[in-house]
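*Asks:* Encoded as structure tokens, here's the structure I'll be asking about.
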Amino acid sequence: MILIVDDRPENIFALKSILELHSFPVDTALSGEEALRKSLKNHYSLIILDVQMPGMDGFEVADFLAGNKNTMDIPLIFLSAVNTEKKFITKGYSSGAIDYITKPIDQDILLLKVKTFHRLYEQNRELTLAKQQLQSEIEVRKKAQQQAQEKANELNSILASIPQVAFTATADGNIDFVNEHWYNYSSSVDTFPEVHSDDPCIIAEWRKILQSKQPKQLEIRMAKLQSKEYKYHLLSVVPVIENGMIVKWVGTFTDIEEQKQALKTKDDFLSMASHELKTPLTSIKGYVQLLESMQHDESTTTFLKRTITQVHKLEGLINDLLDISKIDNGELKFELAPVDFEKLLLSTLEMLRHIHPEIKIIHKGNAAATIMANDIRLEQVIINFISNAIKYSPQSKYIEVTTELTPANHLYFAVKDWGIGISPENQKNIFSKFYRVSEAATCAQGLGIGLYICAEILKRHGADFGVISEPGDGALFYFNVPAINKV
Ligand code: ADP
């Protein structure tokens, strides 16, 4: 907006009309004092100021405007009918004005000047605004940088205080901080510690981690510099995410040699104990079978039958323990050969129905497929799934087995029960070694290794498998194994 200051209303009227005709918004003041009041309250892009006014004259107004930081940048044009002498014109400029026009006013010149000043003022204002914005952006960035630095320092001092070897890396994987333990294993910041030649290459693994953008844990063996004594360490790497973007990586190497040794001792013990138990058990089984073939009275026969049942249970447990140590030692190996699945399933179901005459085991669907399998091991899985279904359904006497050939030529096998079911959290773990659901313990005994062995067997058959269950509403255990031809 442009402010016209003149003590004579007719002059104001004339000027206002010209400017408004050219679409300039105009405000007016009839004295220097009013002009000052208004210029402190409103924003003007230009003030056209009559020099000669009663009270405060134009030069005094200009002096005041030049001295105030809110008005000092407003361009001024002095208008005067009399002060055409050079000394007055000079006074006009020195008091902060920008131009000077004498009366009678040449309209074209006035408009030209007004347009130029107006544009200049707008440009100036935009520049000032941009500068202010830039400055506040710089401030924000400085603050963010400072905060990031403070966070990094905090993280580094935490990493410096922990007993593990620790490091941080930039988002693209360059190591930018290591704690002092690092130097026990590596001579420089940017070189990862050397790992045992049988373990995965750490640089290749690091690249994979960066690509996956996911946290990762990895067991590797590494030795201190100048030492050949390799010890197991757990490398654990996590991304630090801010606003959905990875800004840093934090990694630690934790010495897990003791845990590894303890686990090995336990595995060795289990393996040795189950082998040692197997030999006398085989003799017991032989003698019991011998006794069974002899003539006995009714009560001895009953006790013998119970003994045989218990011997079978014990044999199952020992076999499971032996399987576990075979898996641990990488010795669970078996050949796959074409197997008529339907035949295998029907004979297994018959055997299970014989052992559990009180349970109704129903088979639905088509099982006619040949699959590449190890019949003994696959039978072990079927028995385990169905035995569990019976074990964990104390209130139900009904088990449903479904088989199907899928369009992708896979054989689908599922066992459904109406027992205690499994919560989603436990479902994630039940195929892990020694995992038992605590609620299940009240229902049946077990070691928590059956499903682990099943999982290992199924993996070696190239099968996918799982469980679908709602707590309290039973469970469905299934596997899908490739069929080689439809029978
Ligand atoms: P075990 O039965 O000897 O404990 P498994 O490895 O066969 O060991 O099973 C692991 C756990 O999974 C069981 O302890 C039980 O909690 C749960 N589970 C397995 N099958 C079922 C089922 N059909 N219904 C409910 N829970 C089950």
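The values are calculated or read from the model by the stated rules, or taken from the named source; none is laboratory data. All values reported here derive from a predicted model rather than from experimental measurement. Here the Cβ positions follow ideal geometry from the backbone for every residue, glycine too, while neighbour counts run over all protein chains shown. What goes into the accessible areas is simple: the full protein's heavy atoms, side chains included, and nothing from ligands, DNA or RNA. Shrake-Rupley method; radii C 1.70, N 1.55, O 1.52, S 1.80 Å.
*Asks:* In segment 341-358, which residue that is in contact (Cβ under 8 Å) with a residue 24 or more places away in the chain and assigned to a loop (DSSP other than H, G, I, E, B) is nearest to Val481 (Cα to Cα)?
*Replies:* The selected residue is His356.
*Asks:* Identify, by number, the condition in (1) open to solvent by 30 Å² or more (accessible area, probe 1.4 Å); (2) touching a helix residue (DSSP H, G or I) at 6+ places or on another chain (Cβ under 7 Å); (3) more than 16 Å from the ligand (Cβ to nearest atom) that Ala368 doesn't meet.
*Replies:* All conditions pass for Ala368, except number (1).
*Asks:* So if I check each of Lys326, Lys333, which one is without any contact (Cβ under 8 Å) to a residue 12 or more places away in the chain, under 30 Å from Asp268 (Cβ atoms) and part of a helix (DSSP H, G or I)?
*Replies:* Details: Lys333 fails: part of a helix (DSSP H, G or I).
Step by step, each of Lys326, Lys333 is checked, and only Lys326 is without any contact (Cβ under 8 Å) to a residue 12 or more places away in the chain, under 30 Å from Asp268 (Cβ atoms) and part of a helix (DSSP H, G or I).
*Asks:* Among the listed residues Ile399, Ile361, Ile371, Ile376, which satisfies the condition of being over 39 Å from the mean Cα position of the chain (by Cα), over 25 Å from Ser469 (Cβ atoms) and in a strand (DSSP E or B)?
*Replies:* Working: Ile399 fails: over 25 Å from Ser469 (Cβ atoms); Ile361 fails: over 25 Å from Ser469 (Cβ atoms); Ile376 fails: in a strand (DSSP E or B).
Exactly one of Ile399, Ile361, Ile371, Ile376 is over 39 Å from the mean Cα position of the chain (by Cα), over 25 Å from Ser469 (Cβ atoms) and in a strand (DSSP E or B), namely Ile371.
*Asks:* Give Ala14, Ala35 a once-over and let me know the one that is free of Cβ contacts under 8 Å to residues at least 24 places away in the same chain and small (Gly, Ala, Ser). It would help to see each step written out before you state the result.
*Replies:* Values: Ala35 fails: free of Cβ contacts under 8 Å to residues at least 24 places away in the same chain.
Unique residue meeting the criteria: Ala14.
*Asks:* Now for a separate question. Looking only at segment 440-452, which residues are outside any helix (DSSP H, G or I) and crowded, with 16+ Cβ neighbours inside 10 Å?
*Replies:* Of all residues in segment 440-452, those outside any helix (DSSP H, G or I) come to 442-449.
Ala444, Gly446, Gly448, Ile449 - these are the residues of segment 440-452 that are outside any helix (DSSP H, G or I) and crowded, with 16+ Cβ neighbours inside 10 Å.
*Asks:* Say we look at segment 453-470 and pick out the residues that are part of a loop (DSSP other than H, G, I, E, B) and in contact with a strand residue (DSSP E or B) (Cβ under 9 Å, 6 or more places away or on another chain); which of these is most open to solvent (accessible area, probe 1.4 Å)? Lay out the reasoning, then the answer.
*Replies:* Within segment 453-470, the subset part of a loop (DSSP other than H, G, I, E, B) is 461-463, 470.
After this cut, where a residue has to be in contact with a strand residue (DSSP E or B) (Cβ under 9 Å, 6 or more places away or on another chain) as well, the list is 461-463.
Numbers: His461: 12, Gly462: 53, Ala463: 14 Å².
Going through the qualifying residues, I end up with Gly462.
*Asks:* Looking at the structure I just gave you, is Gly286 closer than 30 Å to Thr370 by Cβ and small (Gly, Ala, Ser)?
*Replies:* On the way: closer than 30 Å to Thr370 by Cβ: no; small (Gly, Ala, Ser): yes.
Against the criterion (closer than 30 Å to Thr370 by Cβ and small (Gly, Ala, Ser)), Gly286 does not qualify.
*Asks:* Inspect segment 445-454 for any residue being more than 7 Å from the ligand (Cβ to nearest atom), assigned by TED's automatic domain parsing to the domain that holds Ala389 and at pLDDT below 95 and give the result as yes or no. Full working, then the answer.
*Replies:* Looking only at segment 445-454, we keep the residues that are more than 7 Å from the ligand (Cβ to nearest atom), and these are 445, 453-454.
Keeping just the survivors that are assigned by TED's automatic domain parsing to the domain that holds Ala389 gives 445, 453-454.
This time we only want the ones that are at pLDDT below 95, so: 445.
Yes, the conditions are met somewhere in segment 445-454.
*Asks:* For Pro338, work out the one condition from (1) outside any loop (DSSP other than H, G, I, E, B); (2) under 30 Å from Glu292 (Cβ atoms); (3) open to solvent by 80 Å² or more (accessible area, probe 1.4 Å) it doesn't fulfil.
*Replies:* All conditions pass for Pro338, except number (2).
*Asks:* For segment 411-424, enumerate the residues that are under 15 Å from Leu378 (Cα atoms) and either more than 16 Å from the ligand (Cβ to nearest atom) or of a type in the set (S, T, N, Q) (or both).
*Replies:* Looking only at segment 411-424, we keep the residues that are under 15 Å from Leu378 (Cα atoms), and these are 411-415.
Listed by number, the residues that qualify are Leu411, Tyr412.
*Asks:* While we're looking at this one, here's another question. Condition test on Ile220, is it modelled with pLDDT of 95 or more, open to solvent by less than 30 Å² (accessible area, probe 1.4 Å) and part of a helix (DSSP H, G or I)? Show your work before the answer.
*Replies:* Numbers: modelled with pLDDT of 95 or more: yes; open to solvent by less than 30 Å² (accessible area, probe 1.4 Å): yes; part of a helix (DSSP H, G or I): no.
In short, no.
*Asks:* Run down Glu34, Glu10 and say which single residue is over 20 Å from Met72 (Cβ atoms) and assigned by TED's automatic domain parsing to the domain that holds Thr71. Write out each step before concluding.
*Replies:* Values: Glu34 fails: over 20 Å from Met72 (Cβ atoms).
Every option except Glu10 fails the conditions.
*Asks:* Next question, about the same structure. Just to be sure before I move on: is Asp176 modelled with pLDDT under 95, outside any loop (DSSP other than H, G, I, E, B) and on the phi < 0 side of the Ramachandran plot in the structure I sent?
*Replies:* Working: modelled with pLDDT under 95: yes; outside any loop (DSSP other than H, G, I, E, B): yes; on the phi < 0 side of the Ramachandran plot: yes.
Here the answer is yes, as Asp176 does meet what is asked.
*Asks:* Now for a different question. For Val165, indicate whether it is at pLDDT 90 or above, farther than 20 Å from Ile246 by Cα and either surrounded by 15 or more Cβ atoms within 10 Å (Cβ to Cβ) or assigned by TED's automatic domain parsing to the domain that holds Pro215 (or both).
*Replies:* On the way: at pLDDT 90 or above: yes; farther than 20 Å from Ile246 by Cα: yes; either surrounded by 15 or more Cβ atoms within 10 Å (Cβ to Cβ) or assigned by TED's automatic domain parsing to the domain that holds Pro215 (or both): yes.
Taking the combined requirement at face value, the residue satisfies it.
*Asks:* Scan segment 385-410 for residues that are surrounded by fewer than 20 Cβ atoms within 10 Å (Cβ to Cβ) and within 16 Å of the ligand (Cβ to nearest atom) and report the count.
*Replies:* Taking segment 385-410 as the starting set, the residues that turn out to be surrounded by fewer than 20 Cβ atoms within 10 Å (Cβ to Cβ) are 387, 391, 394-398, 400, 402-410.
From what is left, the residues that are within 16 Å of the ligand (Cβ to nearest atom) are 387, 391, 394-398, 400, 402.
Residues flagged as surrounded by fewer than 20 Cβ atoms within 10 Å (Cβ to Cβ) and within 16 Å of the ligand (Cβ to nearest atom) within segment 385-410 amount to 9.
*Asks:* Return the pair list, or none, for Cβ contacts closer than 8 Å from residues in segment 387-399 that are of a type in the set (S, T, N, Q) to residues that are open to solvent by 30 Å² or more (accessible area, probe 1.4 Å) and near the ligand (Cβ under 9 Å from one of its atoms), at least 6 apart or on different chains.
*Replies:* Hits for this filter: Ser393/Ile420.
*Asks:* Mind checking which residues of segment 258-274 are over 37 Å from the mean Cα position of the chain (by Cα) and open to solvent by less than 100 Å² (accessible area, probe 1.4 Å)? Break it down stepwise before answering.
*Replies:* Here is the first cut: in segment 258-274, the residues over 37 Å from the mean Cα position of the chain (by Cα) are 268-274.
The answer is Asp268, Leu270, Ser271, Ala273, Ser274.
*Asks:* Which condition breaks for Asp267 when tested against (1) part of a strand (DSSP E or B); (2) touching an Asp or Glu at 6+ places or on another chain (Cβ under 9 Å); (3) within 30 Å of Leu321 (Cβ to Cβ)?
*Replies:* Going through (1) part of a strand (DSSP E or B); (2) touching an Asp or Glu at 6+ places or on another chain (Cβ under 9 Å); (3) within 30 Å of Leu321 (Cβ to Cβ) one by one, Asp267 breaks only (1).
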